[in-house]
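Peer 1: Sharing a structure, written as structure tokens. Questions coming.
The values are calculated or read from the model by the stated rules, or taken from the named source; none is laboratory data. Values in this document were obtained by computation on a predicted structure and should not be read as measured data. Cβ placement follows ideal geometry from the backbone for every residue including glycine, while neighbour counts extend to all protein chains displayed. For accessibility, only protein heavy atoms count, side chains too; no ligands or nucleic acids. Shrake-Rupley method; radii C 1.70, N 1.55, O 1.52, S 1.80 Å.
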Amino acid sequence: MNLRPVRTPLILLVAVLFFLITWYFAPIPGQVLLVPDNWQQMSAWPQVRLENETLRPGERATAVIFDTVPWAYVKLLVGTAEGTLESHTTDRTTAVTQWNWSFTVPDEPGYILAFYHDCHTGCQHWTTVNVGKMLSAAPPSAAIPTKLGVVLADPDRNWHNRAGWDVEITYAQLAEEEFWGIDDLARRVEGATAKGLRVLVRVDYGQGQSIPPVDDYRALELYLRYLRRLARDDRLQGVYGYIIGSSFNTAANNSQSPGQPVTPAWYARVFNGYNRPPAHTDNALQTIRAENQTVRVLVGPVTPWNADQDGGRTFPPQAPWLNYFYALVTAVNQSAQEKSQIGVAAAAPDGFAMQSPGFPDASELSHFERASEPRLNLPHPEWPDAQAGFRVYQDWLAIINSQAHTKGVPGYITATNTFHPDSGREPTENYPPGWLTAALEVVNGEPQIAALCWFLDVFPHDDQWDFFSLAEGHGWMGEAAKEFDLLLQDVPE
């Protein structure tokens, strides 16, 4: 009996079914994503709910944020204002924490709620929510760089599309205080960088004590802890550079510990670890770099024409303030060299802040030469080889360029005006119109100088600096303010 006609169709049918089943269940080429069972819940945090979204400007609104991580030291920023944390609770069943905030609705039709956590060690960005219809910002134009800047910039100043400089000040001992503390500093930095300014932040240990007292390691730890907090704070990532102290060669800036004035060796110890094993990192430079490798770290300025201290090392031209600075730069250079030898990179400063006030009241100058003082050499009567006026910046640069690891690094004139200790007259009394123009022309011809900052623009904290203030404009400072504004507008063709 012939069975082939019966078996052949059956075999073919089985083969087709096998092919179809194999093709259907075969893996599809591509990637396989493995996710936990609760991936949808995990990816949805944090969650923000805004209540009463239609409230008018000036009224109080409520924002609620939920997260599976019970963050501490939290903040809510609404523009330049800060929200109030009313309460927070954690649901034991879901392990979800809820924070309830209240805030004042800004005047703008659209605004941003910016949440941060871990603000005790430097605020870390949590989440940001846009509320309402945001006004479309004009595309940023390329601001024209200028070396001109100020200390404590007036937030209302018109910079005429110039990328100028703003020097801000903060104190480690006043970290939580109004104006001098980190929160007000962050608001000022945010406003300045939004205008395209390059911000230098001077960090002092305390008022009357710019650098921690000699051998006070408890004070040093507090100072380094504050530097670390500044460097890691997300609100301060726009800072161009940090200046480590100021005027530490003067008795006035060692008033908390007058018996232990900051020596050049101790300053270098604080700055980059001089006279310590080169592998140690407990210094300002390496503390900041560990948190932020892009921000610049500058040696703070020594006050000229001050004989409170002498550095013990001489550098022609000899004078107490120049000897002090030479000893300091030599120690900083030695520390950088020792660290480099064991493979530690970037242990030298990124630059030096410098004080370079003018002396238009010098007896050698005629009435017609007063405005040109920045262009003129003025020998000091007691130390004739040292500059006694604005051109003291040349003495600072000569010392900076005398050492291998500091040679050629930028100098930033972070404080200039026409106050000189030998005359005692404030700028409101003695500013000669045209002086700032001359100073800027001189600095523009010096490629190693990056900034020329007038001390100061505005100081809303009290009125002690009113006679130095561009914004206040008292007496001859009104002329200086007009000149400053015109220099910003003098854009090269």
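Peer 1: Under a Cβ-Cβ limit of 4.7 Å, which cysteines in the chain have nobody to pair with?
Peer 2: C453
Peer 1: Taking the Cβ-Cβ separation of L55 and T314 as r and a Förster radius of 45 Å, what is the calculated FRET efficiency to the nearest 0.05?
Peer 2: That pair, L55 with T314, gives E of 0.05.
Peer 1: Using a probe radius of 1.4 Å on heavy atoms only, what accessible surface per residue do you get for region 81-196? Whole Å² is fine.
Peer 2: Ligands and nucleic acids excluded, the result is 49 Å² per residue.
Peer 1: Under unit Cβ charges (Lys, Arg +1; Asp, Glu -1), what dipole magnitude, rounded to 20 debye, does region 364-493 have relative to its Cα centre?
Peer 2: The calculated dipole for region 364-493 is roughly 460 debye.
Peer 1: Now a separate question. Bins of 10 Å, beginning at zero and ending with the bin holding the largest distance: percent of Cα pairs per bin for region 417-493, please.
Peer 2: Going from the shortest bin to the longest, the percentages are 18, 48, 29, 5, 0.
Peer 1: What does the accessible area per residue of region 211-338 come to in Å², with a 1.4 Å probe and no ligands, DNA or RNA counted?
Peer 2: Accessible area per residue, region 211-338: 36 Å².
Peer 1: Heavy-atom accessible area of Y116 with all protein chains present, probe 1.4 Å, nearest 10 Å²?
Peer 2: Only protein atoms counted, so the area is about 30 Å².
Peer 1: When the Cα atoms of the chain are enclosed in a convex hull and the volume is divided per residue, what value in Å³ results?
Peer 2: Per residue, the Cα convex hull of the chain comes to 268 Å³.
Peer 1: Quick check for you: with a 1.4 Å probe and neighbouring chains kept, what is the accessible area per residue of region 376-493, in Å²?
Peer 2: On a per-residue basis, 42 Å².
Peer 1: While we're on this one: Simple spin-label model, 7 Å along Cα-to-Cβ: V129 to N100 in nm?
Peer 2: Result for the modelled spin labels: 1.5 nm.
Peer 1: Report relative contact order for region 431-493 in percent, whole number only (criteria: Cα-Cα under 8 Å, sequence separation at least 6).
Peer 2: It comes to 31 percent, rounded to a whole number.
Peer 1: Averaging sequence separations of C-alpha pairs under 8 Å and six or more residues apart, then dividing by the length of the chain, give the relative contact order as a whole percent.
Peer 2: In percent, rounded to a whole number, it is 10.
Peer 1: If you don't mind, another one. Just to be sure I understand the curve: with the Debye formula and one point per C-alpha of region 194-238, what is log10 I(q)/I(0) at q = 0.27, 0.30, 0.31, 0.33 Å⁻¹?
Peer 2: -1.00, -1.10, -1.14, -1.20
Peer 1: So, one more: Cross-link list K75/K482; K133/K195; K407/K482; K75/K407: which exceed 32 angstrom alpha carbon to alpha carbon?
Peer 2: In this structure, K75/K482; K407/K482; K75/K407 lie more than 32 Å apart at Cα.
Peer 1: Placing unit charges on C-beta atoms (Lys and Arg positive, Asp and Glu negative, everything else neutral), compute the dipole magnitude of the chain about its Cα centre in debye, rounded to 20.
Peer 2: Using Cβ point charges on Lys, Arg, Asp and Glu, the chain gives about 2680 debye.
Peer 1: Can you tell me the 0 to 90 degree angle between the C-alpha axis of helix 320-341 and the longest principal axis of the chain, rounded to 10?
Peer 2: Value to nearest ten degrees: 30.
Peer 1: On to the next question. Given the Cα-Cα distance of I112 and S257 and 0.36 nm per residue of separation, how much length would full extension add, in nm?
Peer 2: Roughly 47.7 nm would be gained on extension.
Peer 1: Along the charge dipole of region 84-190, pointing to its positive end and built from +1/-1 on Cβ of Lys, Arg, Asp and Glu, which listed residue (G181, T84, V105) has its Cα farthest out?
Peer 2: With unit charges placed on the Cβ atoms, the residue in question is V105.
Peer 1: Non-local amide H neighbours of F390 (under 5 Å, H modeled in plane, Pro and chain starts lacking H): which ones?
Peer 2: Residues meeting the criterion, in which the H sits 1.01 Å from N, are F359.
Peer 1: Let me ask another. Using +1 on the beta carbon of Lys and Arg, -1 on that of Asp and Glu, and nothing else charged, what's the dipole of region 166-259 about the Cα centre, debye to 20?
Peer 2: Value, rounded to 20: 300 debye.
Peer 1: With every protein chain left in place, what is the accessible area of M477 in Å² (1.4 Å probe, nearest 10)?
Peer 2: 0
Peer 1: Next question. Roughly how many whole Å is it from the C-alpha centroid of region 330-352 to that of region 206-225?
Peer 2: 22
Peer 1: How tilted is helix 217-232 with respect to the longest principal axis of the chain? Cα atoms for both, answer in degrees (0 to 90, nearest 10).
Peer 2: Here the helix axis deviates by roughly 60 degrees.
Peer 1: Per DSSP helix of 4 or more residues, -39500 (n - 2.57); summed, then divided by the residues of the chain. What does that give at 222 nm, rounded to the nearest 500?
Peer 2: -8000 deg cm²/dmol
Peer 1: Now, a different point. Carbon and sulfur: what percent of the chain's accessible surface (1.4 Å probe)?
Peer 2: 54
Peer 1: Same structure again: Against the globular-protein guess of 2.2 N^0.38 Å, express the Cα radius of gyration of region 342-440 as a ratio, rounded to two decimals.
Peer 2: Compactness ratio reported: 1.26.
Peer 1: Compute the long axis of helix 4-25 from its Cα atoms, compare it with the longest principal axis of the Cα atoms of the chain, and write down the angle in degrees, 0 to 90, nearest 10.
Peer 2: Helix 4-25 sits at roughly 20 degrees to that axis.
Peer 1: Can you tell me, using C-alpha contacts under 8 Å and at least 6 residues apart, the relative contact order of region 133-274 as a whole percent?
Peer 2: For region 133-274, the relative contact order is 21 percent.
Peer 1: Same structure, new question: With r as the distance between the Cβ atoms of H280 and R375 and R0 = 45 Å, compute the FRET efficiency 1/(1 + (r/R0)^6) and round to 0.05.
Peer 2: Efficiency, rounded to the nearest 0.05: 0.50.
Peer 1: Name the residue farthest towards the positive end of the dipole of the chain from the options P301, F66, V199, assuming +1 on Cβ of Lys and Arg, -1 on Cβ of Asp and Glu, about the Cα centre.
Peer 2: Most positive-ward Cα: F66.
Peer 1: Could you tell me the calculated FRET efficiency between R92 and K407, based on Cβ-Cβ distance and R0 = 51 angstrom, to the nearest 0.05?
Peer 2: 0.20
Peer 1: Moving on to the next point. Once you have a ≥ b ≥ c as the square roots of the Cα gyration tensor eigenvalues for region 223-312, tell me rounded if a/c is under 1.5, and otherwise prolate or oblate according to whether a/b is larger than b/c.
Peer 2: Verdict is prolate for region 223-312.
Peer 1: State the antiparallel share, in %, of DSSP beta bridges confined to the chain, rounding to the nearest 5.
Peer 2: Once the DSSP bridges in the chain are tallied, antiparallel ones form about 50 percent.
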